[in-house]
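Undergrad: My questions all concern the structure below.
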Amino acid sequence: MKMQHVHKRTIRRLGSLVLGLTALLAVLSLHPVVSLAQTSDSDEKQQRFRERIVKSWKWKPRSGVGLTTEKYAREYLARYFDSQGEWKGDSAGIGSQHVLADTSLVLFQTSRLDIIVLPLSGVEHNWVVVVRRDTGEVVLNDNFTCGTYESHFEFVDVDGEAPLELLNVGSGSCASQFSAQSFRIYELTEWAKLLEQRGVADYGGQCPKIVNQLIEPYPRRQERDSKGHLSFEFRVSYGLVMKHDEGYCAPSKPHAVLKRTCEYIAEERRFKCSDDVVDAHTMTLPEIKTAGKWTDNADNIRWVLENSQVLRARGFRFPSGFLERLPRHLPKGSGD
C-alpha cells in the first residue's frame, strides 16, 4: 500500500515536470524571434535601405538593369580595392573598403556599368558611385553633402528600349548667396549624358550677370511622343544681378520666363531643346542704372550693350531706339 502511494506521488511529480517543460519550451519558442530582432539590427537596416532604394529608384526586372543580392555585392565590389583596401586607380570612388563593411548598400548592374548606392549620414539623399566595369573608371561620384543640397536618382525609360536610363534631380544651396538646381539623364550602356538642365543663382562674385532658375516642379511636363520617346517641358526664369549702391551685387527686379521643350532624337541618341518666351520683360533705364556711383552704372550700361543679344534670347526686350540712346548715359570722355 505504501509503495503504491509512492508510485502515485512519483507519477504526479513527473506529470508536473512534463507540464513545466512544455511551458518552458513554449516560452523558449518565442525567444528566438525576439532575440533575432535584437541581434539583427544591421540586417533589418540593410533590408529597409534596399527596399527604399528599389522603390524610390523605380527599378524594374527585365529592364536591362540587374539588381544583385547584398552578399554578392559585398564580395563582387572587392575587385575595386587593392591589397591595402584602398580604391584602385586614379579616379575617385569609395575611398576605403572598410566603408562597405560598416554600411548598407545596393548594387545595380548593366552590361557595362556598376551602380553602387550607399546611405549618407545626416542627409536625405544617398551616395551614388557609377563605375565602368572594364576599366574601373568612376564616371559619377555623387556624395554631395554641402548645405541644404539634396540629390535624387531614379530609372526612367527614354526610348522604350533596354536598358533603362538614369535620371538625377538635385537642388539646394551651399551658401547664403548661392543656389543650384540640376536635371540630368544618363544613358546606361556607354554612360553618356543625354540631357542636362541647370538653374544657377549666384549673387556673389563679379557682376553684372545673368542668373537662372528652373521653376518648380521640374520638369513642368513629361510625356511620350508618337514613337514612345520621352519628352520634357521646363519653365526657366532668367534674372539679372546688377551693381547697386556702394558697389555691391544684388538682384535687379526684371526677370523673363521661357518654356523649354526637350525632345529625344533617336538617330542621334540625344535630346534637342527649343525655347519659347512665355513671359517677356521690357527693360527700363532705372533697371540698368541701379547704382549710386556713376562708375558702377557705367559698368551696368556697358554690360547690357555688350550682351543685348544674349538678353534677347533670354526673354528681355528693349523699346525702340533704347539701345541706341543708352550710350548717352555713359560719362563723357570714357571712350564709349
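The values are calculated or read from the model by the stated rules, or taken from the named source; none is laboratory data. Predicted model only: the values in this text are computed from it and were never measured. Heads up, the Cβs are rebuilt from the backbone with ideal geometry, glycines too, and the neighbour counts pull from every protein chain shown. Calculation scope for accessible area: heavy atoms of the full protein, side chains included, ligands and nucleic acids excluded. Shrake-Rupley method; radii C 1.70, N 1.55, O 1.52, S 1.80 Å.
Undergrad: Connecting C-alpha atoms closer than 10 Å in a GNM of the chain, tell me which of S179, S96, S320 has the biggest fluctuation.
TA: For the chain, modelled as a Gaussian network with Cα springs under 10 Å, the answer is S320.
Undergrad: Which lysines, on any chain, are close to K259 with Cα under 24 Å apart, when same-chain ones fewer than 8 places away are left out?
TA: K193, K209, K227, K272
Undergrad: Can you give the accessible area per residue of the chain, in Å², using a 1.4 Å probe?
TA: Computed with neighbouring chains in place, this is 57 Å² per residue.
Undergrad: Continuing with the same structure: Counting Lys and Arg as +1 and Asp and Glu as -1, each charge on the Cβ, what is the dipole of the stretch 224-293 about the Cα centre in debye, to the nearest 20? Mind showing how you got there, number by number?
TA: Working: 12 positive and 11 negative charges, 22 e Å.
Here the stretch 224-293 has a charge dipole of around 100 debye.
Undergrad: Helix-derived [θ] at 222 nm for the chain: sum -39500 (n - 2.57) over DSSP H runs of at least 4, divide by residue count, nearest 500?
TA: Helix-only estimate at 222 nm: -8000 deg cm²/dmol.
Undergrad: Follow-up. Could you work out the equivalent-ellipsoid semi-axes for the stretch 71-168, taking the square root of 5 times each eigenvalue of the Cα gyration tensor, largest first, in whole Å?
TA: 22, 19, 12
Undergrad: Please build a GNM for the chain, connecting alpha carbons under 10 Å apart, and tell me which residue among V117, V106, V139 fluctuates the most.
TA: Ranking V117, V106, V139 by mean-square fluctuation puts V139 first.
Undergrad: Cα centroid distance between the stretch 228-257 and the stretch 119-133, in Å?
TA: Taking the Cα centre of the stretch 119-133 as reference, the centre of the stretch 228-257 is 31 Å away.
Undergrad: To continue, here is another question. Just to confirm a number: summing +1 for Lys and Arg and -1 for Asp and Glu over residues other than S63 whose beta-carbon lies under 12 angstrom from that of S63, what do you get?
TA: Net charge around S63: 0.
Undergrad: Please identify, among S151, S308, S226, the residue showing maximal mean-square fluctuation in a Gaussian network model of the chain using a 10 angstrom Cα cutoff.
TA: Its mean-square fluctuation being the largest, the pick is S226.
Undergrad: Taking a cut-off of 22 Å between Cα atoms, list the lysines near K55, but don't count ones fewer than 8 places away on the same chain.
TA: Output for K55: K45, K71.
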